[in-house]
Amino acid sequence: MNFWEKVKKDIEKEFKAGIAFLREGAAAVKKKTKEATGEGKKQYNIFELKTKVQEQMAALGGRVYDLSTKVENPFKDKRVTAMVSRMRKLEAQIAKLEDGGKKPLKKKTVKRIKTSGGKIVSK
């Protein structure tokens, strides 16, 4: 093998190694981009939910203030309790997103039912 063939072979070898390196780099960039995009979407969803909570707080405050002059306990109003319930659900969604889903979900309790002579009896 003469000098020129050896140089040509080495260049081809390095070229193939360079292409492999670029492919690995491109795959890593693609993976990081997906991660960053997912994180951005998550942050946007959290922001959106917090904005909804803020709107609910303002509406709740206005409703409670309005009812405070008319009734003794404004928290007995169905609309007030519904607003509070919506805010709690939004807060739970925010906490779930902020924790990244790492928090174990609580198990729901199931009410067991016994049948006795064709009748359904709650336990």
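Please treat every number below as a calculation from the coordinates, not as lab data. Everything numeric here is computed off the predicted structure, so don't read it as measured data. Neighbour counts are summed over all protein chains in view; Cβ atoms, including those assigned to glycine, are modelled from backbone coordinates with ideal geometry.
Values for this structure:
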{"quantity": "Set Lys50/Lys78; Lys50/Lys89; Lys52/Lys96; Lys32/Lys96; Lys50/Lys76 screened for pairs whose C-alpha atoms are more than 20 Å apart", "calculated": "Lys50/Lys78; Lys32/Lys96; Lys50/Lys76"}
{"quantity": "Estimated vicinal HN-Hα couplings, Hz - the range 27-37 in sequence order (Karplus 6.51, -1.76, 1.60; Gly, Pro = x)", "calculated": "5, 5, 5, 4, 5, 5, 5, 4, 4, 5, 5"}
{"quantity": "Sorted by Cβ density within 10 Å, fewest first, the residues Thr37, Thr69", "calculated": "Thr69, Thr37"}
{"quantity": "For the range 77-94, 3J(HN,Hα) per residue [Karplus equation, 6.51 cos²θ - 1.76 cosθ + 1.60, θ = phi - 60°, Hz, x = Gly/Pro]", "calculated": "6, 5, 5, 5, 5, 5, 5, 4, 4, 4, 5, 5, 5, 5, 4, 5, 5, 5"}
{"quantity": "Label-point separation, Arg86 to Lys9 (7 Å along Cα→Cβ), nm", "calculated": "7.6 nm"}
{"quantity": "HN-Hα J in Hz across the range 7-12 - Karplus 6.51, -1.76, 1.60, θ = phi - 60°, x for Gly and Pro", "calculated": "5, 4, 5, 5, 5, 4"}
